[in-house]
Amino acid sequence: MNRSADKLPSPLVGEGLGERGQVDRSAVATARATAPLSPTLPHRGGGGLNGTLKIHSLSLSGSVLPDRLSAGITRLSELGASVTSPDAATATWRYFAGTDDERLAALNASLKSDADIVMFTRGGYGLSRLLHRIDWQAVAASKKLFCGFSDITAFNLAALAEGNFVTFSGPMIASDFAQTDDILARDFTEANFFGLLRAEAYAYPECESDITSSAQAINGTLWGTNLAMIANLVGTPHMPNIDDGILVLEDVAEAPYRVERMFWQLKHAGILDKQRAIILADFADCYPANGMRYPYSMVEAIETLRDIAPCPVLTGFPFGHVPKKVTLPIGAQASLAIDGTHYLLSVRDYLR
């Protein structure tokens with residue numbers, strides 16, 4: 001395998017998996033992903049998208065700072081997109097981006113828009129208050145590409161569970177596209193986002209885990225991503241039943257013992273036992289609190305997960321509450337090639 005973990009992604013010609021789970025590089029197109037938009041992108045319904053990419057901003061969770069939203073819109077415009085930002089995107093009520101009724105109306109308006117992509121402005125908290133009121137069949141019928149992460153995980157998973165609809169866990173306008181503190185990370189995020197949209201099958205940058213695993217090839221359904229939101233949906237109709245999962249997990253600012261407790265929640269609910277692989281992305285700021293009787297660490301939490309999961313548990317995947325992230329089609333078919341400490345994840349059929 002190519003040992004460059006920061007290699008930019010390439011569209012796949014096929015699955016690209018050879019013997020013993022190794023990557024068949026002859027099956028992978030050699031094309032660097034670049035930030036500027038392509039005038040023709042695949043989209044749901046077949047054919048191509050001609051002209052300027054249209055993005056509709058949507059706030060369904062916490063209220064967004066107007067300056068941050070404006071900065072993200074400016075960046076997307078620089079990349080060639082046309083962004084519509086209705087007044088509802090910057091509404092405020094308590095912590096939220098408007099009342100529950102206002103946010104639900106904003107979602108319904110986005111479904112009727114002419115946008116190709118509905119991109120969430122930020123996460124936080126708020127979608128749990130709306131899940132039971134959303135018309136998931138209408139969401140699926142819109143055939144729009146929805147993109148967001150963190151609290152938006154609730155939207156991603158409910159769309160899959162109740163509409164059999166693939167959505168994207170990925171960058172958001174007021175967080176990822178607005179940030180200028182780490183330009184290299186932003187370029188990586190943008191390259192992977194637009195690279196995924198250009199292709200109907202896609203290989204992510206090769207990653208390196210913290211332990212060695214036997215060489216193998218695994219196929220399954222890609223899903224995840226925020227651990228707290230996944231645990232919160234257990235036992236609800238908004239939780240998809242995935243029995244061939246390649247499960248990607250991340251979280252932020254959770255004490256490691258709480259992370260482990262959520263791992264156990266997925267174990268007790270029978271979810272871990274149905275996974276074919278678990279990929280741990282970034283657990284940003286997940287440290288033991290000062291003054292704890294025992295400083296439980298993420299190393300120990302991951303060790304526990306490996307003890308209770310019946311499948312490979314890999315680390316080092318570029319996703320989470322960090323500037324540098326890929327974009328994941330939740331519910332798409334995926335292939336995972338593992339070779340020692342290195343692994344390559346690829347996806348396909350995500351524009352259905």
For the chain (alpha-carbon point model, no solvent) the Debye-based log₁₀ I(q)/I(0) at q = 0.08, 0.10, 0.11 Å⁻¹ works out to -0.36, -0.57, -0.70
Once residue 293 and residue 261 are pulled to full extension, the length gained, defined as 0.36 nm per residue separation minus their Cα-Cα distance, is 9.8 nm
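In terms of the ratio Rg/(2.2 N^0.38 Å) built on C-alpha atoms, what value belongs to region 261-352?
Working: Rg = 15.1 Å, N = 92, 2.2 N^0.38 = 12.3 Å.
Scaled against compact globular proteins, the figure is 1.23.
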The long-range amide H neighbours of residue 167, using H built 1.01 Å from N in the peptide plane and a cut-off of under 5 Å, are 330
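I need the shape label for region 176-220. Rule: rounded when a/c is under 1.5, else prolate if a/b > b/c, else oblate, with a, b, c from the alpha carbon gyration tensor.
Values: a/c = 4.05, a/b = 1.58, b/c = 2.56.
It comes out oblate by the Cα gyration axes.
Residue separation times 0.36 nm, minus the C-alpha to C-alpha distance between residue 243 and residue 112: what's the value?
On the way: separation 131, 0.36 × 131 = 47.16 nm, distance 3.37 nm.
Working it through step by step, the gained length comes to 43.8 nm.
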Subtracting the Cα-Cα distance of residue 102 and residue 180 from 0.36 nm times their residue separation yields 25.0 nm
If N is the residue count of region 67-187, its Cα Rg over 2.2 N^0.38 Å rounds to 1.03
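Greater than 28 Å separation of Cα atoms is the criterion. Which listed pairs, 143/267; 144/324; 112/324; 144/274, meet it? List each step's numbers first, then the result.
Numbers: 143/267 34 Å; 144/324 25 Å; 112/324 32 Å; 144/274 30 Å.
Over 28 Å Cα-Cα: 143/267; 112/324; 144/274.
Over all directions, how big on average is the projection of the convex hull of the alpha-carbon atoms in region 83-139, in square nanometres? Don't jump to the answer; show the numbers that get you there.
Working: hull surface 16.1 nm².
Average of the hull's projected areas for region 83-139 equals 4.0 nm².
Convex hull volume of the Cα atoms in region 221-319, per residue, in Å³? List each step's numbers first, then the result.
Values: hull volume 9.1 nm³, N = 99.
Dividing the Cα hull volume of region 221-319 by its residues yields 92 Å³.
Suppose we keep just the DSSP beta bridges with both residues in the chain; what percent of those would be antiparallel, to 5?
On the way: 31 of 58 bridges.
Bridges in the chain that DSSP calls antiparallel: roughly 55 percent.
Which order do the peptides 274-281, 62-69 come out in when sorted by mean C-beta neighbours inside 10 angstrom, highest first?
Values: 274-281: 23.6, 62-69: 18.2.
Taking the mean over residues of other Cβ atoms within 10 Å, the ranking is 274-281, 62-69.
None of the figures in this text is laboratory data; all of them are computed from the coordinates on show. Worth saying up front: this structure is predicted, and the values here are computed from it rather than measured. Note that each Cβ is placed from the backbone with ideal geometry, even for glycine, and that neighbours are counted across all protein chains shown.
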